[in-house]
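Here the structure is laid out as structure tokens; the discussion comes afterwards.
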Amino acid sequence: MNIFLACLLNGLYKDHKWLYKEYKINCSNPKKYTELSPKEITIIINYYQDKFSSGSSKKLIFKNVQKVQNIIDKRLKKYQFQTYDEFNRFGNLKEYRFYQFVVAYKKALESYYKSIILD
């Protein structure tokens, strides 16, 4: 099943649409054929933490972001079972890069909420 349809059926259409738009603006480079590096993931986390603290970015509900991550994760696991070569181990690399972006956004949300709770 398509990620878009799975999110639509689970009531996560707006969250998926916003996350995908942010991914397209910030991280989608059509000439990149590799996954996001740890340095790029750290940059994404720091970028959104700064945006959250300044109030200039939309804060999604943590549970919804986690559901979107789980939908993409299930789709990627199907690819892992269907592919046998090391070059194509993630199946669709665009989906894997989007998955990494969603995980980084979730980590930024988590650390932002932890800092609010601790303060």
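Can you report the number of residues in the stretch 14-58 which are more than 12 Å from the chain's Cα centre (by Cα) and of a type in the set (A, V, I, L, M)?
Going through the stretch 14-58 one residue at a time, the tally reaches 2.
Is there any pair linking a residue in the stretch 42-54 that is over 15 Å from V103 (Cβ atoms) to one that is open to solvent by less than 80 Å² (accessible area, probe 1.4 Å) and of a type in the set (A, V, I, L, M, F, W, C), with Cβ under 9 Å and at least six apart or on different chains, and which?
K51/A108; F52/A108; F52/L109
Can you name the residue in the stretch 9-33 that is surrounded by fewer than 14 Cβ atoms within 10 Å (Cβ to Cβ) and of a type in the set (S, T, Y) and is also modelled with the highest pLDDT among such residues?
Result: Y13.
Kindly check whether there is at least one residue in the stretch 59-70 that is at pLDDT below 85, surrounded by 14 or more Cβ atoms within 10 Å (Cβ to Cβ), assigned to a helix (DSSP H, G or I) and within 17 Å of the chain's Cα centre (by Cα).
No, because not a single residue in the stretch 59-70 is at pLDDT below 85, surrounded by 14 or more Cβ atoms within 10 Å (Cβ to Cβ), assigned to a helix (DSSP H, G or I) and within 17 Å of the chain's Cα centre (by Cα).
Filter the stretch 81-112 down to the residues that are under 23 Å from N26 (Cβ atoms) and open to solvent by 80 Å² or more (accessible area, probe 1.4 Å), then identify the one that is modelled with the highest pLDDT.
K107
The values are calculated or read from the model by the stated rules, or taken from the named source; none is laboratory data. None of the values given here were measured: they were computed from a predicted structure. Neighbour counts run over all protein chains shown; Cβ positions are idealised from the backbone, glycine included. Remember, those area values only see protein heavy atoms, side chains included, never the ligands or the DNA or RNA. Shrake-Rupley method; radii C 1.70, N 1.55, O 1.52, S 1.80 Å.
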